[in-house]
Amino acid sequence: MLLVPIQFMLTARWLRPPRGAVHLPSTFLAVAAMLALVGGAATLREGAPGYAAMVLGLALLAAFVLLQRRVAQPLLEVALLMRNVMLRSALLVQWLLYCNAFGAVFLLSLYMQSALGHSANTSGEVLAVGTLLMAAIAPAAGILSDRYRPCVIASCGVAVVLIAALLATGLGAGSHLLHVGLVLAVQGVGFAFFSSPNMTMVMNAVPPNRTSIASAFSATARSLGMVSGMLIVGALISVNLGHDPVGADPARYVATMHASFWILAAITALALAISLLSRTEGP
């Protein structure tokens, strides 16, 4: 529905990209690496095939990064990331933090339905709490990032997301929906205070003529973070549950969920450490 007002209210014209603007071998390597990693994480229970797919995915990813340093029109400007410390730190924190984003929603959705016995409709309503809070608070966080140091506000957001991950490790077979809602609410507040200030840091880290590249970097880091979080969750579910339905053994699923949130909490703690250490280099 949003495409309709955009189409009629924003004036734009299509510019055909020049020949060779997209390096097709790089695109193939990136897609193949993601497919191998996702497929491997989902089949770790099978043993050698799953682990082989993971190794292949990592090898293809390394080949992709190495190739970007050699082509004239890279999909990923590795040189820019290597020499721009502030940009690199902001994107690294964003990547690590967004491991929590979709992974937590996926875990809690299945948890509310399989372990607590609630309907999909009820689970969806509870999951919306974090999103609504983020949408309501993020504009205020953006205003604060224009008045104060955005790195400080972003670090506070990372710390709040860490609290949410730790709260999630306390969920059990008899937890109340209020506990789940609290986890999602705290996470939503954390992402609200992180997203806008971190975007400000990313855009301020490059000159005006490179803002489009910085914006693309940010979107990539966000997507990679969500994919990475799901790789962790998918691998743990594959190893602990295999092909069994999640609802067949709720206790084992809860144990898997706890392990996932402890790993996500450790990753978020690393993001917080990087965020705090890079404060002196932020605006």
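Going by the conditions given, is residue 117 of a type outside the set (D, E, K, R), closer than 20 Å to residue 229 by Cβ, part of a loop (DSSP other than H, G, I, E, B) and free of Cβ contacts under 8 Å to residues at least 40 places away in the same chain?
Criteria not met by residue 117.
Quick one: in the stretch 143-164, which of the residues that are under 18 Å from the mean Cα position of the chain (by Cα) and among the small types (Gly, Ala, Ser) is nearest to residue 269 (Cα to Cα)?
So the first thing to find is which residues in the stretch 143-164 are under 18 Å from the mean Cα position of the chain (by Cα), and the list is 154-164.
Okay, now just the ones that are also among the small types (Gly, Ala, Ser), so 154-155, 157, 159, 164.
Values: 154: 14, 155: 11, 157: 12, 159: 8, 164: 12 Å.
Step by step, filter the stretch 143-164, then rank; the result is 159.
Taking the conditions exactly as written (more than 30 Å from residue 35 (Cβ to Cβ) and over 21 Å from the mean Cα position of the chain (by Cα)), does residue 140 satisfy them or not? Full working, then the answer.
Values: more than 30 Å from residue 35 (Cβ to Cβ): yes; over 21 Å from the mean Cα position of the chain (by Cα): yes.
Judged against the criteria, residue 140 is a match.
Table: residues versus (1) assigned by TED's automatic domain parsing to the domain that holds residue 26; (2) farther than 19 Å from residue 233 by Cα; (3) part of a helix (DSSP H, G or I).
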residue: 63; (1), (2), (3): yes, yes, yes
residue: 66; (1), (2), (3): yes, yes, yes
residue: 70; (1), (2), (3): yes, yes, no
residue: 124; (1), (2), (3): no, yes, yes
residue: 131; (1), (2), (3): no, yes, yes
residue: 134; (1), (2), (3): no, yes, yes
residue: 146; (1), (2), (3): no, yes, yes
residue: 155; (1), (2), (3): no, yes, yes
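Give all pairs with beta carbons closer than 8 Å in which a residue from the stretch 89-113 that is closer than 14 Å to residue 221 by Cα meets a residue that is among the acidic types (Asp, Glu); count only pairs at least 6 apart in sequence or on separate chains.
Pairs found: 89/281.
Can you give me the number of residues within the stretch 20-59 that are modelled with pLDDT under 70 and either touching a Gly at 6+ places or on another chain (Cβ under 8 Å) or of a type in the set (D, E, K, R) (or both)?
Residues that pass the stated criteria total 0.
Name the one entry in 219, 266 that is assigned to a helix (DSSP H, G or I), loosely packed, with under 14 Cβ neighbours inside 10 Å and modelled with pLDDT under 90. Steps first, answer last, please.
Working: 266 fails: modelled with pLDDT under 90.
Only one candidate passes the filter, namely 219.
In this structure, is residue 109 at pLDDT 90 or above and either surrounded by 16 or more Cβ atoms within 10 Å (Cβ to Cβ) or in a helix (DSSP H, G or I) (or both)? Give the steps one after another, and end with the answer.
Working: at pLDDT 90 or above: yes; either surrounded by 16 or more Cβ atoms within 10 Å (Cβ to Cβ) or in a helix (DSSP H, G or I) (or both): yes.
Yes: the conditions hold for residue 109.
Looking at 38, 85, 93, can you tell me which residue is of a type in the set (A, V, I, L, M, F, W, C), loosely packed, with under 14 Cβ neighbours inside 10 Å and within 23 Å of the chain's Cα centre (by Cα)?
On the way: 38 fails: loosely packed, with under 14 Cβ neighbours inside 10 Å; 93 fails: loosely packed, with under 14 Cβ neighbours inside 10 Å.
Just a single option satisfies the conditions, and that option is 85.
The values are calculated or read from the model by the stated rules, or taken from the named source; none is laboratory data. Predicted, not measured: the structure shown is a model, and the values here were computed from it. For neighbour counting, all protein chains shown are included, and Cβ atoms are generated from backbone atoms with ideal geometry for every residue, glycine included.
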